[in-house]
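The values are calculated or read from the model by the stated rules, or taken from the named source; none is laboratory data. All values reported here derive from a predicted model rather than from experimental measurement. We place every Cβ from the backbone using ideal geometry, glycine too, and count neighbours over all the protein chains shown.
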Amino acid sequence: MQFQGRFFDGKHSSSKSCTLNYDKESGFSILYDEHTLILQKVLWKQTSTKLLIIGESLGKYGHIAITDPADQQHILHLLSNIKKAKSIWYSHAFLAYYGIISILIALWIFMDSLVFLFPTRIEPWLEKQARSIHFRQSEVIATDFSDPTLKKIKDAFIAIDPELEGIELEVVKESSINAVTLPNKKVIIFSKLIESADSIEELMGVLAHEMSHVKFRHCIAAYVKLSLVNMVDKIILGGAVSGTGMAMYFLQFSKTNEEQADEGAIKYLDQLHLSTSGISNFFKKMATTKKSSYFSFNFLATHPSSHDREYLFQGHQKRYAKSDFGKHDLKKIKAVVQKHNFKSKKPLKRKPIKGATL
């Protein structure tokens, strides 16, 4: 389309012959004297007699004045359509952007309910991811394949709850008193937990708690949540949080998860004819070691307080005449750890657990 326009550069004006072009890549543009003005980057203003087009290539005070009514009508129609198309694109992009964010937030909120819909085939991959984060350099002391006591514990839990079929137990050399679950039904027992256990009831109580996490797939939910955090982080913050210690916060179980696991532990211990006094004692010891002021505010803590959990298990104590587990089982598993510690006095090169790297 050809039209006549009067160019003003801020000081002088001149009449020029212009051509209106369209290109799939750059869109609509105006050509004049070997210059190109992309219409998607212009503003316009209509007066009673003129249509003024303003653009970067015309200079700070420059503009094109179109006086012919027919040319004004055609170009104004074109500019209006471009503005409308851009407005629709931005609105669609806005809806898509915040739609994705809303879906991710909804998944986060309802993750504990949706976790049972995730296929089990993703768990081996999640396990590798978890090991690469937590146990890249941890040393395996024993597994339920190599130690009869661990196998006995594993078989006992599967016998009272067939949903635990496929669980695997590992003892790793770690200096903190803890046990954790990984995806793919892995229960990792820290050597320090075994060394510090005062009774078989204490050790089995902690493991009963972890078995409940396995049953309810809390670990799967935690790692899927971490993936969602990484996605939102990349969309909004450009990956500023991913890979930092801050992201590790999202791997912690919620209070609801912990309370559900505690209730499950009580049921498991009852079926195993073991008293809850052991796990109550465990949380009593934990309460004395956690001196951080952070944990004094229960509504801020990611776990129920150790005192609250101690009292919970105290309130469910029962006496049993006989159980399949006794002092001899704790002695056997302690002996395995002690034997390993004795051998480890010699300098050993630490190797990552099989599957620790992605």
Study note, to complete from the structure: Here the qualifying pairs (Cβ atoms under 6 Å; residues six or more apart or on different chains; first in segment 254-265 and in the same structural domain as VAL224 (by TED's automatic domain parsing) and buried (at least 20 other Cβ atoms within 10 Å of the Cβ); second of a type outside the set (Lys, Arg) and modelled with pLDDT of 90 or more) come out as ALA261/HIS209; ALA261/SER212; ALA261/HIS213; GLY264/SER212; ALA265/ALA208; ALA265/HIS209; ALA265/SER212
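Of everything in segment 27-72 that's small (Gly, Ala, Ser) and under 55 Å from the mean Cα position of the chain (by Cα), which residue is surrounded by the most Cβ atoms within 10 Å (Cβ to Cβ)?
Applying the filter and picking the extreme gives SER29.
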Practice item. Would you please list the contacts, defined by Cβ atoms under 6 Å and residues six or more apart or on different chains, that run from a residue in segment 202-223 that is farther than 12 Å from PHE157 by Cβ to a residue that is hydroxyl-bearing (Ser, Thr, Tyr)? Key: HIS213/THR181; CYS219/THR181
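Within segment 129-167, can you find the residues that are in a loop (DSSP other than H, G, I, E, B) and surrounded by fewer than 16 Cβ atoms within 10 Å (Cβ to Cβ)? Walk me through how you get there before you give the answer.
Just the residues of segment 129-167 that are in a loop (DSSP other than H, G, I, E, B), to begin with: 135-139, 144-147, 161, 165-167.
Scanning segment 129-167 gives ARG136, GLN137, PHE145, SER146, GLU165, GLY166.
What's the total number of residues in segment 93-113 that are surrounded by 12 or more Cβ atoms within 10 Å (Cβ to Cβ) and closer than 19 Å to CYS219 by Cα? Full working, then the answer.
If we filter segment 93-113 for residues that are surrounded by 12 or more Cβ atoms within 10 Å (Cβ to Cβ), which is where we start, we get 97, 100-101, 104-105, 107-108, 111-112.
Those still in the list that are closer than 19 Å to CYS219 by Cα too: 104-105, 107-108, 111-112.
Of the residues in segment 93-113, 6 are surrounded by 12 or more Cβ atoms within 10 Å (Cβ to Cβ) and closer than 19 Å to CYS219 by Cα.
Considering each of PHE157, PHE135 in turn, give the residue that is under 29 Å from MET286 (Cα atoms) and at pLDDT 95 or above.
Only one candidate passes the filter, namely PHE157.
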Study note, to complete from the structure: All-but-one check, ILE189 against (1) in a helix (DSSP H, G or I); (2) touching a helix residue (DSSP H, G or I) at 6+ places or on another chain (Cβ under 9 Å); (3) among the β-branched types (Val, Ile, Thr), failing number (1)
Check your understanding: surrounded by fewer than 19 Cβ atoms within 10 Å (Cβ to Cβ), modelled with pLDDT of 75 or more and assigned to a helix (DSSP H, G or I) - does that describe any residue in segment 269-279?
Key -> yes
